[in-house]
Amino acid sequence: MLLGEIHLVYQSAMHATRASVYYLPHLDSPALRKRKLRILIDDDGLADGDTHHYQLTRAFLSVGAKCLLDDEEFGEPGELCHYLEAETADFVRLAPKVYSRSLGAWCVVEMLSVDWMRGLADALSIHFPHFRHEPYFEDCFSQQVEERHAAEALEVTQTVLRARPELLHETLRDAKITAEALDGVWTHLDRIVGDAQAKMVPDGSIGVRHERGTCEVARTAAKNTATVLVTAAQASWVC
């Protein structure tokens, strides 16, 4: 049940961002559309019809998770929220709104994604050593997919802000809102693991080990992202 709950929360948050990235604004020129397409392909256009969504589910199934939703049940945000607790539901509802009105949310998520992927892989690999070698993790880590996406999101946003500096306020606003909502998702993941720890059986066998700091990595990075965006925007104007 624990692994199924973690999968539901993590997959729901990731699903919300993967679906919302299709609606990014300010990327209408042919060159920017092409750059956006490359990121979409990395998520949803893998070989043989595969996607990051399917890969993540297979990774959890490989360690015995009983997934609470089938892959195709991750759909429209309003429907998905019926299966979620408050923090994750708030993020799932928020993602399409902030992604469609500025590039701030996109920057935050892309800049944090490698941290939370490593946090998840490291935490579960303590008990399931092969978990980090599942394609969802190994392909992204070996090819530095998330680092490339983070650099691309920041560079594209700089390009847009250089041409339209009046968009800076809303970009930073949405970056901050998204970081705070993501903090709620990680807070709930902490709560799931804490509840599992409290239910450890008396003979000392452990169902899960909570690695202190796993969620704090993403949380600290989220709080610093807005500063990175401001610095990048200012640097772009100087150039």
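Coordinate-derived values only; no laboratory data. Predicted, not measured: the structure shown is a model, and the values here were computed from it. Counting neighbours? That spans all protein chains shown, and the Cβs are built from the backbone with ideal geometry, glycine included.
So the values come out like this:
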{"read-out": "Residue 28 versus residue 100: modelled label distance in nm, points set 7 Å from Cα along the beta carbon direction", "value": "1.6"}
{"read-out": "Label point distance in nm, residue 61-residue 195, each placed 7 Å from Cα along Cα→Cβ", "value": "2.5"}
{"read-out": "Sorted by Cβ density within 10 Å, fewest first, the residues 63, 21", "value": "63, 21"}
{"read-out": "Residue-count net charge about residue 59 - beta-carbon cut-off 12 Å; Lys, Arg +1, Asp, Glu -1", "value": "-1"}
{"read-out": "Linear extension gain, residue 122 paired with residue 51, 0.36 nm per residue minus alpha-carbon span", "value": "23.4 nm"}
{"read-out": "Neighbour-count order for 88, 187, fewest beta carbons within 10 angstrom listed first", "value": "187, 88"}
{"read-out": "Inter-centroid distance (Cα atoms) of segment 166-202 relative to segment 25-57, Å", "value": "25"}
{"read-out": "Ranked list, fewest to most other Cβ atoms within 10 Å of each Cβ, for 116, 106", "value": "116, 106"}
